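Okay, so here's the structure we're looking at.
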């Protein structure tokens with residue numbers, strides 16, 4: 001098995017059997033009798049920060065030794081170790097399809113007994129519950145920080161021009177027409193050469209226009225994506241006419257990379273950039289003086305119904321193999337300490353998943369009310385199987401030179417067909433669960 005690619009099918013098959021065995025690779029004792037706890041985190045961009053946290057923890061604790069690894073391609077490393085039954089005590093991952101697979105494979109411990117769960121905001125606990133294929137008994141991850149997506153915008157440019165923040169889609173298009181008509185900058189700069197960037201506006205637009213449990217409805221045989229995804233696809237195509245093609249000499253959206261888009265937005269070539277908070281560090285690399293804000297994507301029919309896309313960017317999941325949960329919980333308490341969490345939030349421009357008085361980056365001022373009120377929903381692509389390559393499907397739809405109706409119909413047909421193909425096991429599981437309710 002180790003010579004084969006680690007696919008979701010082999011992971012589920014191998015780990016489902018492994019979960020019934022005695023596990024190896026759990027917390028061990030050092031020569032001086034202290035418990036060693038191993039974390040593996042997928043947040044490589046936070047490696048330097050975690051190295052400092054590790055050093056500070058070990059300098060201040062006599063009973064537990066903390067080891068935090070943040071390797072490149074961490075999720076693949078995790079899966080390889082799982083197949084080998086060499087489990088870290090804790091994995092740091094996002095609340096996405098990989099997490100759902102790990103829960104489904106029964107390799108994660110129930111952390112309902114962790115007292116710190118009482119401090120986690122309900123919205124992010126609900127988001128984690130929504131990621132799993134069917135409702136699960138127990139809690140299998142401790143949300144730590146989140147990110148958000150919507151419309152990034154140049155605050156100083158908006159203030160100088162007196163442009164209002166749009167509350168509806170019609171207002172957004174009206175603003176785009178104004179900006180395009182002035183001819184100085186583009187409304188949007190899009191970096192669709194890197195297909196994954198297409199998912200950011202797709203998530204933000206679509207989450208406001210479809211049922212919250214659409215994926216569950218489709219898996220239960222109660223709906224099709226084609227019933228709902230047509231209008232969001234139409235709006236994605238509409239945005240193209242307000243991209244950097246408005247400006248002479250600029251590469252089109254499908255010739256510009258993510259880095260191109262970040263740098264160009266940073267240097268004032270566009271007023272807006274439909275992306276997430278994760279892009280801001282890259283934007284500031286291009287121009288550290290740019291004043292970036294964010295507003296909720298105005299795609300809901302009623303402005304009062306707008307939702308901000310916000311997912312669990314990092315959570316702590318304890319291995320079912322771990323024999324020292326008390327020591328792990330001691331580390332989790334340390335990580336959740338206000339000063340330590342504030343350091344992470346400030347360094348990574350993140351959103352805390354726990355209650356408390358934290359100082360967020362000014363980037364989030366425009367969506368603060370959504371965060372405070374829990375008006376957030378998870379990224380839709382967290383329920384998409386990677387084998388579907390939805391980002392590539394969206395790019396194909398956007399590149400299709402046929403009329404909107406024809407191009408969108410082709411996209412919808414392929415999406416529903418591929419969903420049934422790549423989610424057979426999940427669909428069986430969901431429909432079996434639904435039949436028992």
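Bear in mind that the values in this text are calculations on the coordinates, not laboratory data. Predicted model only: the values in this text are computed from it and were never measured. Don't worry about glycine lacking a Cβ; one is built from the backbone with ideal geometry, like all the others, and counts go over all protein chains shown.
Odds and ends about this structure:
- Computed over the chain, the ratio Rg/Rh where both radii use C-alpha atoms and Rh is Kirkwood: 0.98
- The range 254-350: C-alpha gyration tensor shape, a/c 1.5 cut-off, then a/b vs b/c: prolate
- Within the range 373-406, backbone nitrogen closer than 14 Å to the virtual label 7 Å beyond the Cα of residue 126 toward Cβ: 373-379
- Computed over the Cα atoms of the range 181-248, pair by distinct pair, the Kirkwood hydrodynamic radius stands at 13.8 angstrom.
- Cα shape, the range 90-163, gyration tensor, a/c 1.5 rule: prolate
- Exposure proxy for 78, 117: other Cβ atoms within 10 Å of each Cβ, ordered fewest to most, give 117, 78.
- Calculated mean residue ellipticity, 222 nm, the chain: -12500 deg cm²/dmol, from DSSP H runs (n ≥ 4) at -39500 (n - 2.57) each, averaged per residue and rounded to 500.
- With the convex hull drawn over the C-alpha atoms of the range 131-180, the volume per residue is 141 Å³.
- Overall form of the range 357-437 per C-alpha gyration tensor (a/c, 1.5; a/b vs b/c): oblate
- Distance histogram in 5 Å bins (all Cα pairs of the range 388-432, percent per bin): 5, 23, 24, 18, 13, 9, 7, 2, 0
- Considering every alpha-carbon pair of the range 239-283, the percent of pairs per 10 Å bin, from zero through the bin containing the longest distance, is 26, 63, 11.
- Between the alpha-carbon centres of the range 260-304 and the range 198-250 there is a gap of 19 Å.
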